[in-house]
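Novice: Shown below is the structure under consideration.
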Amino acid sequence: MADNGVDEEKRATLRRFAALGAATPLVGFGDDESETESGETGSDARDAIVGYVAATPGAHFSKIRDDLKLGTGETQYHLRHLLEEGVVESRRDGDYKRFFPTDRFEEFEQVSLGYLRRSTPRGMLVELLRDPEATGSDLAGRLDVSRATVSTYARELDEAGLLSREDGYAVRRPETVITLLIRYADSFGPDAAAFADDASRFIRFDP
């Protein structure tokens, strides 16, 4: 896998996402020709981060770093510059800082993407979109978590504006959540991919 100390898997990953990033408006970092430890230029790494964030909106710092196989320092360096240039923006989500393409998503969408990137909340939302009559006990059984875990996340989702608990559980703005699940299904878990494959059942069209 290695060639003269160069991690070819990392280079392939960076190139794949850099192709997306290079096509993104406002990106022009050709002046950063310093080389990373693996031999890529700074602009390659930065374009890869832009492409990754475009394909995986709501990803947090560690996921960006790990998926792109970058070092902590270089990830911090490039994200700082991208934030300063206004190419990406960030949102605090508890212990995480999540990153998004600038001006691409409204607040509800950013919050939704943050929760969709967390396994149990995403599973709850997917199950409720499939079965709006599902109870807390139903969700606990299907997701193999405790009833207390479901209650904790239901409260969080309610406070975040994604879930109503007035009469059972109901996803707020379901069309928006479904759209995000389908559009970025490949960047979520297999539950989202399975939902996207069957999504036509959950979309209503009123001409």
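The values are calculated or read from the model by the stated rules, or taken from the named source; none is laboratory data. All figures in this text were calculated on a predicted structure; none of them were measured in a lab. Backbone-built Cβ (ideal geometry, glycine too); neighbour counts: all protein chains shown. Heavy atoms of the whole protein, side chains included, go into the accessibility calculation; ligands, DNA and RNA do not. Shrake-Rupley method; radii C 1.70, N 1.55, O 1.52, S 1.80 Å.
Novice: Can you spot a residue in the range 111-123 that is closer than 27 Å to Glu156 by Cα, among the aromatic types (Phe, Trp, Tyr), modelled with pLDDT of 95 or more and in contact with a Ser or Thr (Cβ under 8 Å, 6 or more places away or on another chain)?
Specialist: No, every residue in the range 111-123 fails to be closer than 27 Å to Glu156 by Cα, among the aromatic types (Phe, Trp, Tyr), modelled with pLDDT of 95 or more and in contact with a Ser or Thr (Cβ under 8 Å, 6 or more places away or on another chain).
Novice: Continuing with the same structure: From Ala134, Ala154, Ala192, Ala196, grab the single residue that is open to solvent by less than 60 Å² (accessible area, probe 1.4 Å), in contact (Cβ under 8 Å) with a residue 12 or more places away in the chain and closer than 30 Å to Leu83 by Cβ.
Specialist: Residue meeting the stated conditions: Ala192.
Results for (1) farther than 24 Å from Glu175 by Cβ; (2) in contact with a helix residue (DSSP H, G or I) (Cβ under 6 Å, 6 or more places away or on another chain), shown as yes or no for each residue.
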| position | (1), (2) |
| --- | --- |
| Lys63 | yes, no |
| Gly71 | yes, no |
| Arg80 | yes, no |
| Asp103 | no, no |
| Gly114 | no, no |
| Arg117 | no, no |
| Gly123 | no, yes |
| Leu128 | no, no |
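Novice: Also: Report, by residue number, each residue of the range 120-136 that is in a helix (DSSP H, G or I) and closer than 14 Å to Phe195 by Cα.
Specialist: Arg122, Gly123, Met124, Leu125, Val126, Glu127, Leu128, Leu129, Arg130
Novice: Determine whether Glu156 is part of a strand (DSSP E or B) and in contact with a helix residue (DSSP H, G or I) (Cβ under 8 Å, 6 or more places away or on another chain).
Specialist: no
Listed here are the residues, each with its yes/no results for (1) open to solvent by 60 Å² or more (accessible area, probe 1.4 Å); (2) part of a helix (DSSP H, G or I); (3) at pLDDT 95 or above.
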| residue | (1), (2), (3) |
| --- | --- |
| Thr13 | no, yes, no |
| Ala19 | yes, yes, no |
| Leu26 | yes, no, no |
| Asp47 | no, yes, no |
| Phe99 | no, no, yes |
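Novice: So, one more: Say we look at the range 157-172 and pick out the residues that are open to solvent by 60 Å² or more (accessible area, probe 1.4 Å) and at pLDDT 95 or above; which of these is farthest from Gln110 (Cα to Cα)?
Specialist: Only one residue tops the list, namely Arg165.
Novice: Is at least one residue of the range 140-154 β-branched (Val, Ile, Thr) and in contact with a Lys or Arg (Cβ under 9 Å, 6 or more places away or on another chain)?
Specialist: no
Novice: Oh, and also: Looking only at the range 88-97, filter to residues that are surrounded by 18 or more Cβ atoms within 10 Å (Cβ to Cβ) and at pLDDT below 95; which one of those is nearest to Val177 (Cα to Cα)?
Specialist: Here the residue is Asp93.
Novice: Go through (1) among the small types (Gly, Ala, Ser); (2) touching a Pro at 6+ places or on another chain (Cβ under 9 Å); (3) surrounded by 19 or more Cβ atoms within 10 Å (Cβ to Cβ) and name the single condition Gly123 misses.
Specialist: Status for Gly123: all satisfied but (2).
Novice: Then there's this: Being over 26 Å from Ala160 (Cβ atoms), of a type outside the set (Phe, Trp, Tyr) and either in contact with a Leu (Cβ under 6 Å, 6 or more places away or on another chain) or part of a helix (DSSP H, G or I) (or both) is the filter here, so list the residues in the range 69-81 that pass it.
Specialist: Thr72, Gly73, Glu74, Thr75, Gln76, His78, Arg80, His81
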